[in-house]
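Comments concern the structure below.
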Amino acid sequence: MRIKYILSLFSIVIALFLVACSNSEDNNASGNDEANTNGGDNGESIEITAAHVVSTDATQQDMYEKFQELVEDKSDGRITVEIYPDGQLGGEREMVESTQAGDIQISSPSVGVLENFSDALEVYDFPFIFEDRESVYNVMDGEIGKELLDDLEESGLKGLGYSENGWRHITNNQGEIVKPEEVEGLKLRTMEVPMHMKFWEELGANPTPLEFTEVFTSLQQGVVDGQENPLQLTYTSKFHEPAPYITLTGHIFDPEIVIANQEFMESLSDEDQDIINDSLDEAIEYLRELNADLDDELKEKLEEDGAEIRELTDEEHEAWVEATLPFYEEYADEVDKEKLKKVLETADNEKALEAIE
C-alpha cells in the first residue's frame, strides 16, 4: 500500500509539472502574438491600420498606396498596411482620437482639426502665409516645420510628415465672387477651426462649421451657400455640382499632417521605425510630384462639368491679401506669436510680419 501511495503521489506531481510547463508556453506564445500585432521588437509581423477621410480618387489615396507598397517591400512583407479611405473609420476629429487611443496606427487629418490636439499648429490657420509651393516646402521641410510636428508628442501623437491637399478656394451657389467684401452674408461651410471662422467673420461671411462628410448634403439642402476647399477635394467630392461658382483665392495652403500613435512607434525597433519613416518620406515626395500640376488639370475637368471658375488678377489677389492684414494685427497674440513669426520669416512674408510687429 505504501508503494502504491508513493507512486500515485509521484504521478500527481509529474502531471502538475507538465501542466505548468504547458501554461508557461501558452503565455509566452500569447505574449509573442501581442508583440507581433502591437509592433514588437522580435522580427515578427506588424499590422498597421492607416486612415484618411478623402475619396479614393484623390492623390492622398495614391500616397497611401505608395506608402503601403514601400513599407511592405522594405520589410519583405513582415509589416503590412491596411488603408481605410473616405472616412470609413470616422470624421477627422474621431480619426485623430482613434489614433491617440491606438485603434488606428497612422492617419492624416487636416492641420485645422489637428490643432485641437496641439495649439502650436494654429499658426497655419492664418490666411495668405504662402506665395507659392516653394515657400510652403521651405516652412514644412525646415526647422520650424519639424518643431511644430514635435509639439504633437504632448498629446500622445507622433508627427511623421506633411501630406497635403493644396490651396483652398471658395466655392458657392450664389454667384461670382471677386472682391473680399462680396462674401458679406455668405453662409460658408468651414472646418471646425476657430481661427478659420474668425477670419471669415472678419470679412463679413457667416461661417458654418461642418464635418467634411456633411458638406455635399448641406450644399444640396441649402444649409450653406458655399464651402472652401482645395480643387481636388471639391472635384472628387462633387461639391461643384450644388455650388458651381469657384473663385481661386488660394487663401490657405492646406497641409495634412501624417500622424502615428506615439506608443506604437516607440514600441518598434529602430529598423522598423526607419522603414516607416523612410517609406513615408518617399510617398510624400511622390504625392508632391502628383500635385505639382494637378490644379491646372482639375480646372479643365471642373469647367467641363459646368463649374464657372474665376481666376483673380494680381491686383484682385492683392486686394484679398490687404484685407487680411488687420486679421493678423488682431489675432497674432492669440497663438504662439514667436512660432508664427518663424513661419512668416521662413515663408519670406514681409507684409504679414510688419502687421504683427
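The values are calculated or read from the model by the stated rules, or taken from the named source; none is laboratory data. These numbers come from a predicted model, not from an experiment. So basically every Cβ, Gly included, is an ideal-geometry build from the backbone, and we count neighbours across all protein chains shown.
So here's what we get for this one:
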{"read-out": "Meets criteria (crowded, with 17+ Cβ neighbours inside 10 Å and farther than 27 Å from Gly102 by Cα) for Asn291", "value": "yes"}
{"read-out": "Selection from the range 116-152 of residues that are in contact with a helix residue (DSSP H, G or I) (Cβ under 6 Å, 6 or more places away or on another chain) and closer than 30 Å to Ile79 by Cβ", "value": "Phe117, Ser118, Leu121, Gly142, Gly145, Leu148, Asp151"}
{"read-out": "Single residue of the range 79-110 satisfying the filter (closer than 20 Å to Asp281 by Cβ and part of a loop (DSSP other than H, G, I, E, B)) that is farthest from the chain's Cα centre (by Cα)", "value": "Gln105"}
{"read-out": "Check on Leu203, modelled with pLDDT of 95 or more, within 27 Å of Tyr328 (Cβ to Cβ) and out of contact with any strand residue (DSSP E or B) (no Cβ under 7 Å at 6 or more places or on another chain)", "value": "yes"}
{"read-out": "Selected residue (criterion: nearest to the chain's Cα centre (by Cα)) from residues of the range 154-189 that are among the basic types (Lys, Arg) and surrounded by 20 or more Cβ atoms within 10 Å (Cβ to Cβ)", "value": "Lys158"}
{"read-out": "Matching residues, the range 335-357, being in contact (Cβ under 8 Å) with a residue 60 or more places away in the chain and not in a loop (DSSP other than H, G, I, E, B)", "value": "Lys339, Leu340, Lys342, Val343, Leu344, Thr346, Ala352"}
{"read-out": "Selected residue (criterion: nearest to the chain's Cα centre (by Cα)) from residues of the range 46-62 that are modelled with pLDDT of 95 or more and closer than 19 Å to Asn261 by Cα", "value": "His52"}
